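The values are calculated or read from the model by the stated rules, or taken from the named source; none is laboratory data. Values in this document were obtained by computation on a predicted structure and should not be read as measured data. Glycine also receives a Cβ, built like all others from the backbone with ideal geometry; neighbour counts cover every protein chain displayed.
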Amino acid sequence: MSKWQYTKGLHDLGGRCFAYLQPDGSWGWSNAGLIASGDQTLLVDTLFDLPLTAQMLATMRDAVPAARRIGKLVNTHANGDHTFGNQLVEGADIIACRACADEYAEWSPSHFLKLAADWKNSGDGGAFFHETMGSKFDWRGLVDTPPTTVFDQTMELTVGDKKLVLTHLGAAHTRGDVLVHVPADRILYTGDLLFVGGHPVIWEGPIGNWIKTCDYILGLDVDIIVPGHGPISEKPAVADLKSYFEYIAAEARRHFDNGVPSEVAAQKISLDRFASWLDPERMIINVAALYREFSGTEKPLERMPLFAAMKRWRDRAGHDHASHGKAP
């Protein structure tokens, strides 16, 4: 058992580094971090809406008075559950890799809100979007607040007398994922390069690069790892994620070579030792991403058809549960 409790709120990691957790880590329920030294603070990510971000900032400021003025904010990637609260960190330098900044422009709050407003006209995909996210978060009042400082591969920062290293290892979960490493404290904030206890989402890939990223993390001198979703963890969780990717890549390749359609392949792949992980319907996205990779196309994944397929997965799982009296 982990020594860390997976409970909502601020967790002191030592060395004036903190994790802010949002169980259960499913769709949109992301984690964030705070790093303090002297009178300076840096925030790692914001949350999916303004009320949640405001609550997090109030909690941080109660525990760490220096957080009343946060000087730097790092967005680990462009997904809204890590960026949509940016506007509440007033005056902060918002730092991201260039690919994240480009992707933010494509999926900014204003673009996202159009999708949210039109869910009823988007069939099963819209219904899934509303069920998993739209009905759970309050996106009123969002203002586009993009990164203000960008870098390409690595960037070193100081927060008081702490040195931080930001690293972009290429596309994986999204095009612009960044690791935030605090070497002196042996702490790593991964953003969504690590999901713990839930299926990850391969929006971008290639999967081989995400596997290489797992190897990179396993090679770092870190003891505490804060994932983008799920409980505070250590290196075994990274090894589990690497094993997951290797397993689904091999299984998806077998079905691809046999001409099995992507959605059917996702259903056929046994969840094996990952059966307890949340959000198994994300296999739909992950197999689609792998099929895209195997076929050599660079066409972006279309989210609404994938959301519709995930709704079919959930509906079928609910039917199986009702029929057999056991979890799918």
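Among VAL226, VAL238, VAL201, VAL222, which is the only one that is among the β-branched types (Val, Ile, Thr) and under 24 Å from LEU301 (Cα atoms)?
From the options VAL226, VAL238, VAL201, VAL222, the qualifying one is VAL201.
Out of all the residues in region 277-291, is one or more assigned to a loop (DSSP other than H, G, I, E, B) and either at pLDDT 95 or above or out of contact with any Ser or Thr (no Cβ under 9 Å at 6 or more places or on another chain) (or both)?
yes
Within region 129-165, how many residues turn out to be farther than 25 Å from ASP49 by Cβ, in contact with a Pro (Cβ under 7 Å, 6 or more places away or on another chain) and among the hydrophobic types (A, V, I, L, M, F, W, C)?
Qualifying residue count for the region: 1.
So, in region 29-72, exactly how many residues are in contact with a Phe, Trp or Tyr (Cβ under 8 Å, 6 or more places away or on another chain), among the charged types (D, E, K, R) and in a helix (DSSP H, G or I)?
0
For region 1-43, what are the residues that are touching a Pro at 6+ places or on another chain (Cβ under 7 Å), surrounded by 16 or more Cβ atoms within 10 Å (Cβ to Cβ) and either among the β-branched types (Val, Ile, Thr) or modelled with pLDDT under 95 (or both)?
Hit for region 1-43 is TRP4, nothing else.
Checking ALA275 against (1) surrounded by fewer than 22 Cβ atoms within 10 Å (Cβ to Cβ); (2) touching a residue at least 12 places away in the same chain (Cβ under 8 Å): exactly one of these is not met. Which one?
(2)
Hey, among ILE225, ILE202, which residue is part of a loop (DSSP other than H, G, I, E, B) and not acidic (Asp, Glu)?
Among ILE225, ILE202, only ILE202 is part of a loop (DSSP other than H, G, I, E, B) and not acidic (Asp, Glu).
Going by what's in this entry, would PRO300 be described as part of a loop (DSSP other than H, G, I, E, B) and under 24 Å from TRP119 (Cβ atoms)?
It is true that PRO300 is part of a loop (DSSP other than H, G, I, E, B) and under 24 Å from TRP119 (Cβ atoms).
In this structure, does SER122 turn out to be farther than 30 Å from ASP215 by Cβ and either of a type outside the set (Ser, Thr, Tyr) or over 17 Å from the mean Cα position of the chain (by Cα) (or both)?
Yes.
Could you identify the single residue in LEU42, LEU21 that is more than 22 Å from THR132 (Cα to Cα), touching a residue at least 40 places away in the same chain (Cβ under 8 Å) and either touching a His at 6+ places or on another chain (Cβ under 6 Å) or among the hydrophobic types (A, V, I, L, M, F, W, C) (or both)?
LEU42
Looking at THR83, THR76, THR59 in this structure, which one is more than 23 Å from VAL201 (Cβ to Cβ) and among the hydroxyl-bearing types (Ser, Thr, Tyr)?
THR59
Can you find, within region 2-48, the residue that is nearest to SER233 (Cα to Cα) among those that are of a type in the set (Asp, Glu) and under 17 Å from the mean Cα position of the chain (by Cα)?
That would be ASP24.
Going residue by residue through region 207-225, is there one that turns out to be closer than 20 Å to HIS77 by Cα and touching a Cys at 6+ places or on another chain (Cβ under 7 Å)?
Among the residues of region 207-225, not one is closer than 20 Å to HIS77 by Cα and touching a Cys at 6+ places or on another chain (Cβ under 7 Å), which makes the answer no.
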